Amino acid sequence: MGLLIRNGTVVAAETMGVADVLIDGEVIREVHRGIPPDSHDVLDATGMLLLPGGIDAHTHLDMPFGGSTSSDDFETGTRAAAIGGTTAIIDFAIQARGTRMRAALDTWWKKAESRACIDYGLHMIVTDLPEAGLEDMDEMVREGVASFKLFMAYPNVLMVDDATIFRALQQTSKNGALICMHAENGSVIDVIVRQALAEGKTAPIHHALTRPTRAEAEAVHRAIAMAEIAGVPIYIVHLSSEDALNQVREARDRGLPAFAETCPQYLLLSIDDMKLPGFEGAKYVFTPPLREKANLAKLWDGLKSDNLQVVSTDHCPFCFEDQKALGKDDFTKIPNGGPGIENRLQLLHHHGVGTGKITLNRFVEIVSTSPARIFGLYPRKGVIAPGSDADIVVWDPEAEHLISAKTHHMRCDYSMFEGFRVRGNARQVFSRGELIVENGQYKGRVGRGQYLRRAARGGAWN
Ligand code: URP
Ligand code: ZN
Ligand code: ZN
């Protein structure tokens with residue numbers, strides 16, 4: 001006996017149509033019209049969309065950063081994700097300088113196992129790369145960590161030099177991993193930041209004013225050039241500006257395998273949101289920063305034209321009262337990051353599909369199918385098809401929802417999207433065939449999420 005979801009509109013990246021979906025255990029067995037109910041449990045999804053579970057390829061749960069630790073752990077963060085229709089995340093383990101990557105992987109496995117409510121993969125943040133580090137990269141790939149993040153920003157903390165970046169890129173030509181780049185020129189930004197502080201500019205807005213879009217564009221250009229020399233693909237994380245997007249477009253126009261993601265905050269918020277009284281702007285201190293409003297439409301265009309392939313959240317929450325407050329007198333001490341894991345599908349559906357900026361197919365592609373392909377999870381995840389995991393969101397396209405810290409499930413005392421009204425929300429969420437969310441309530445067991453071993457040479461390599 002299985003579960004039969006009847007009469008929903010199954011949305012894929014390329015197609016859409018009314019069909020029944022038969023789930024057998026953890027896996028989808030059939031997808032077509034007129035599956036007989038036989039002895040199956042039946043869920044009527046008339047009028048609903050059936051979406052492949054969302055995949056958030058960029059989250060930071062339980063992460064030590066900026067003198068604090070992100071406030072959502074793997075339990076609270078993945079539960080909030082599930083409620084918003086996300087059934088898999090890819091989080092970041094951090095290799096501490098001078099240590100082996102295996103130690104970081106073990107640490108992050110411990111953080112996640114027995115807590116995660118949905119399936120999770122891991123990227124590895126590389127902070128140094130001695131000879132043994134190259135072997136470590138290969139070992140990580142064998143463990144299913146098929147992508148590595150490197151930082152061109154945060155000098156003395158996470159930033160690595162060009163030689164390190166280039167060696168990591170070259171190693172991926174052997175092991176098939178994907179380098180994910182935080183692309184901002186950290187050295188230049190550091191000079192501007194020091195000058196601002198010396199002039200007494202300590203308020204949160206100066207976080208944004210000291211990180212020009214050219215510093216992002218220059219780093220994107222350099223990262224892509226290094227990948228081109230190494231002959232490998234590259235993926236730019238949390239791209240925030242038209243300036244940076246132009247670099248990706250120019251590369252793609254030349255046929256290079258350059259990929260990039262953006263995040264809801266860069267599509268929907270601007271530097272104006274930081275111009276709040278007192279210290280309130282700290283709620284929007286993350287990196288890259290919010291940009292001038294003119295960038296927003298360009299990023300939506302980028303999604304439409306496939307110069308941006310993915311929308312992730314870069315969920316990295318810090319509570320306003322006791323964590324962001326670390327930087328009350330100095331914006332450089334504000335922990336960088338914001339909460340968003342719960343609201344990605346709602347925001348993209350409402351502001352993307354609802355306004356006609358993107359189609360429903362493209363919506364599914366950028367929140368699920370494309371991250372699954374690029375990060376080695378497809379076709380297990382990212383599509384509603386026979387043989388795939390039964391990660392399915394029964395999406396009510398008419399449901400109205402008010403986003404607020406008063407009702408959200410993220411462990412954070414504010415919302416970046418406070419007061420946003422959205423149309424379209426998850427009614428039920430299935431993860432590997434199990435009903436884990438119904439009408440905004442998490443029904444699953446804590447710790448049920450499984451580690452995802454991801455395949456190397458994913459979609460970015462084809
Ligand atoms: O401000 C941000 N983005 N915090 C998380 C770390 C990162 O750079 O992704
Ligand atoms: Zn980053
Ligand atoms: Zn991040």
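Here are the numbers:
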quantity	calculated
Relative contact order (percent, whole number), region 68-118, Cα cutoff 8 Å, 6+ residue spacing	54 percent
Count, lysine Cα pairs under 17 Å in region 230-364, 8 or more residues apart or across chains	11
Computed over the chain: relative contact order in percent, which uses C-alpha pairs under 8 Å that are six or more apart	23 percent
Loop sites in region 231-263: trypsin sites (Lys or Arg not before Pro), DSSP, at most 10 other Cβ within 10 Å	ARG254
Between 0 and 90°, nearest 10: helix 162-175 axis offset from the chain longest Cα axis	30 degrees
Angle in degrees between helix 74-83 and the longest Cα principal axis of the chain, rounded to the nearest 10	50 degrees
Rounded if a/c under 1.5, otherwise prolate or oblate - region 333-380, Cα gyration tensor axes	oblate
Cβ-derived FRET efficiency at R0 56 Å, GLU398 paired with THR99, nearest 0.05	0.65
Loop-resident sites, region 1-57, for trypsin sites (Lys or Arg not before Pro), counting at most 13 other Cβ within 10 Å (DSSP)	ARG33
Once exposed loop GluC sites (Glu not before Pro) are cut out (DSSP; at most 13 other Cβ, 10 Å), longest piece of the chain	15-198
Between helix 186-198 and the chain: long-axis angle, C-alpha atoms, 0 to 90°, nearest 10	60 degrees
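Each value in this text was obtained by applying a stated rule to the coordinates, not by laboratory testing. A quick note: this is a predicted structure, and the numbers were derived from the prediction, not measured. Methodologically, a virtual Cβ is constructed for each residue, glycine included, from the backbone with ideal geometry; neighbour enumeration extends over all protein chains shown.
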